[in-house]
Amino acid sequence: MLKKVANIVRGLAADAVQQANSGHPGMPIGCADIGALLFGEIMNYDPRSPKWPNRDRFILSAGHGSVLLYSLLHLSGYDLSLDDLKNFRQLDSKTPGHPEYGETAGVDTTTGPLGQGLANAVGMAVAERMLAKRYNTDKFNLIDHYTYTILGDGCMMEGVVAEAVSLAGHLGLGKLVAIYDSNDICIGGNINLTFTEDVAKRFEAADWHVIDNVDGHDIIALKKAIEEAKKVSDKPTLIVAKTHIAYGSPTKQDSNVAHGAPLGEEEIRGLKEKFNLPKRKFYVSDKVKEFFSIRQKEMKTNREQWEELFNQWTRVNPELKAEWDLGHNLELPVDLTEAIEELEIKTPIATRKASGEILQKIADKVTYLVGGSADLAPSTKTYLSKYSEIQADNYEGRNFRFGVREHAMGAIANGISVHGGLRPFVATFFVFSDYMRPAIRMAALMKQPVIYVLTHDSIYLGEDGPTHQPVEHLESLRAIPNLKVLRPADAEETKVAWLEAMKRTDGPTVLVLTRQGLPSIDKGEGLKDFAKGAYVVKRDQDADLFLMASGSEVALAIDVAEILKAKDKRVQIVSVPDRDEFVKQDITYIEDLLGSQDSFRVVLEAGISQGWYRLLNNRYHVVSIESFGASGPAVELADKFGFNAEKIAKDILNKL
Ligand SMILES: Cc1ncc(C[n+]2csc(CCOP(=O)(O)OP(=O)(O)O)c2C)c(N)n1
């Protein structure tokens, strides 16, 4: 029967790509047997309850094969109709070019950028272990699911896969099963042109259980391999499935032309003939429909039995249930704000250190908050000292040691986040956000509330020099849609920034923090307007100039204002921790902070100035860094790059 399902999938995939006149038919046709087995027999899920917490997770890391997933979701009874398949790749359809989390029921994560899906799967498999540790009791095996992913040659070539595989092996994630669609073809032709390493050996070296050379079109062999994988509980498993791209296509099987273009009517006719499918487009046989309708009933019963188990567990473990609810709804304890506000932090202090103290407090209050850094915890101040760390023998922990694997760290955090039940934060030096950027972008796209603690935020980090000094990073992260970028100016702003990050549940937040100590800013009107992205630090409505700055440059702005005051100039000082939010405010608020359209406005920020011009008039002065930094003591660097109060005041006076 599963073979019949696979052939129906082949027909649907070929038709959908043909109808859209765009897409990737080869991989879905080649992986149809694997998909049929997973959705038709192996996986535990209920299409009527796509968010069921204990469902097996499926991640199509080779996201270009989206039509494989859509066909399987349709057949297995998810809310995805044949019409949706006919609308493949059309605007506002449930079947976009690559699987998008939140757009289609049954899509557990967004994939398309190759390799990240495997790392997402690692995150989901870790989350499963952690939740099992938290919530399972002697009597109740509440969380117990597998994570399956299909990845292709392209994924295998990506660095993020190497990072994630290494960590998954270290963590011994026994309930992670990766199926390698090893068809030897990528866009440019046969992979022997570029990719000749022994993948199986690589995974073995990373302590995975590897089942090599499985015929990817032999459902019995595949099933045997998955059964074997499930028996190995202390290692993740890689199944190397040898497949043929566009399997059964008369002239395009095993050819890269089948990778990313419609097969053509003639070719599809031949394909359908080979598998005894009628010529009709989007054909689903009654037998396959009936098969899945029986399976749906079984899966519904499974899920309902689990619900019953859950209800019993709730009755016996009300405290655990309360914690479960907080974690799954990302609710914050009512006294969190108060607890953070009351926290006494001695100043001057680096905002990374203030953040560290705040984070400890938040971790005490928010038990579902977990996270770690890419081997920089002592510098990013993100180790939760009261809690243990996650290791293969300890999923109770809350500290992750991601190792020096930034890209995987970001993608694993996304996996943990979309899994549900936990909220991840991750940390590294701000400059290395570049290594994690593809995953940050995906978190923003998927609206996942991951928190990024990015420290050592400018040339002021000093001696490590230009390789470590972010220059363009603030602007480049501000450019990512739906990513909140906060650069607090002192310990108090850091508290509010953390609270904002914690309150935000529809997207990720970046906290940009200093290495160097900062004084406490005297805020004339407090921090009540922080959430508007900018607020007045020192008010003067009749100011000669309006000085705005973010982060460490707010203190500098105050020094500049003092010098100008001595020269009889009146200055209004504005802190801008979240410029994107500020520009969204109405003009009355913006002008209240920055004066009218013809006011003289000054910007101080130790990074490129690019995006600030949207807040400037005809009369302005910008102090920024438009080149790479340099290695040296911070004070000397500040001087070299013009971040000197005397010099800035003089330049302003010259321009006024
Ligand atoms: C990070 C990233 N780089 C490039 C691409 C473009 N791309 C999509 S599929 C593909 C080749 C993938 O080859 P393979 O995994 O063997 O897929 P198959 O040909 O078997 O479908 C490339 C380069 C991408 N989606 N993501």
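The values are calculated or read from the model by the stated rules, or taken from the named source; none is laboratory data. No experiment lies behind these values; they were computed from the predicted model shown. In this analysis, Cβ positions are derived from the backbone assuming ideal geometry, glycine residues included, and neighbour counts consider all displayed protein chains. For the accessible areas, the whole protein counts, side chains as well, though only heavy atoms, and no ligand, DNA or RNA atoms are used. Shrake-Rupley method; radii C 1.70, N 1.55, O 1.52, S 1.80 Å.
Among 379-386, 496-503, the peptide with the highest mean count of other Cβ atoms within 10 Å heads the list, and the full ranking is 496-503, 379-386.
Once you sort the root eigenvalues of the Cα gyration tensor of segment 20-93 as a ≥ b ≥ c, which label holds: rounded (a/c under 1.5), prolate (a/b larger than b/c) or oblate (the other case)? The shape class here is oblate. Is segment 309-450 best put as rounded, prolate or oblate by its Cα gyration tensor, with a ≥ b ≥ c the root eigenvalues, rounded for a/c under 1.5, and otherwise prolate when a/b is larger than b/c, oblate when not? Oblate shape, in that a/c is at least 1.5 and b/c is the bigger or equal ratio. When LYS230, LYS274 are compared by accessible surface with a 1.4 Å probe, the order from highest to lowest is LYS274, LYS230.
Calculated accessible area for the chain comes out at 38 Å² per residue, all protein chains present (probe 1.4 Å; ligands, DNA, RNA ignored). Which shape class, rounded, prolate or oblate, goes with the chain when its Cα gyration tensor gives a ≥ b ≥ c as root eigenvalues, a/c under 1.5 marks rounded, and past that a/b bigger than b/c marks prolate? Prolate.
Protection proxy ranking of 482-490, 257-265, 166-174, by the mean of other Cβ atoms within 10 Å over each peptide's residues and highest first, is 482-490, 166-174, 257-265. Based on the Cβ-Cβ distance of ARG48 and GLN312, what FRET efficiency does E = 1/(1 + (r/R0)^6) give at R0 = 22 Å, to the nearest 0.05? The formula returns an efficiency of 0.50 here.
In this structure, the amide hydrogen of CYS186, modeled 1.01 Å from its nitrogen in the peptide plane, lies closer than 5 angstrom to those of ILE191, counting only residues at least 5 positions away or on a different chain.
List the relative contact order of segment 336-518 as a percent without decimals, with contacts defined as Cα pairs under 8 Å and 6+ residues apart.
Values: 372 pairs, mean separation 47.9, N = 183.
Relative contact order, segment 336-518: 26 percent.
Of the GluC sites (Glu not before Pro) found in segment 442-479, those that fall in a DSSP loop while having at most 13 other beta-carbon atoms within 10 Å are GLU463. Considering only PRO488, PRO96, VAL161, and ranking their Cα positions along the charge dipole of the chain that arises from unit charges at the beta-carbon of Lys, Arg, Asp and Glu, the one farthest toward the positive end is PRO96.
In debye, nearest 20, what is the charge dipole magnitude of the chain about its Cα centre with +1 on Lys and Arg Cβ and -1 on Asp and Glu Cβ, if you could check?
On the way: 77 positive and 91 negative charges, 254 e Å.
Its charge dipole is roughly 1220 debye.
Normalised by the number of residues in segment 148-203, the average gap of Cα pairs under 8 Å and 6 or more apart makes the relative contact order 48 percent.
Averaging Cα coordinates gives a centre for segment 440-469 and one for segment 346-408; these two points are 16 Å apart.
Residues whose amide H lies under 5 Å from that of TYR101, counting only those 5 or more places away or on a different chain, are THR110, THR111; hydrogens are built 1.01 Å from N in the peptide plane. Longer than 19 Å from Cα to Cα, which of LYS201/LYS224; LYS139/LYS321; LYS252/LYS272; LYS51/LYS289; LYS346/LYS523 are they? Say none if no pair is. As for pairs spanning more than 19 Å Cα to Cα, those are LYS201/LYS224; LYS51/LYS289.
The stretch between ASN136 and PHE628, if pulled fully straight at 0.36 nm per residue, gains 171.9 nm over its current Cα-Cα span.
Taking the protein heavy atoms of the chain in the context of the full set of protein chains, the accessible area attributed to carbon and sulfur is 48 percent at 1.4 Å. The distance from the alpha carbon centre of segment 540-613 to that of segment 470-531 is 16 Å, rounded to a whole number. Relative contact order of the chain: 11 percent, from C-alpha pairs under 8 Å at least 6 residues apart in sequence. Secondary-structure-derived ellipticity at 222 nm for the chain, considering helices only, amounts to -12500 deg cm²/dmol, per-run term -39500 (n - 2.57) for DSSP H runs with n ≥ 4. Loop-located trypsin sites (Lys or Arg not before Pro) across segment 278-319 with a Cβ neighbour count of 15 or fewer within 10 Å are LYS279, ARG280, with loop assigned by DSSP. Within the same chain, lysines fewer than 8 places from LYS655 are excluded, and of the rest, those with a Cα less than 19 Å from its Cα are LYS565, LYS567, LYS569, LYS647.
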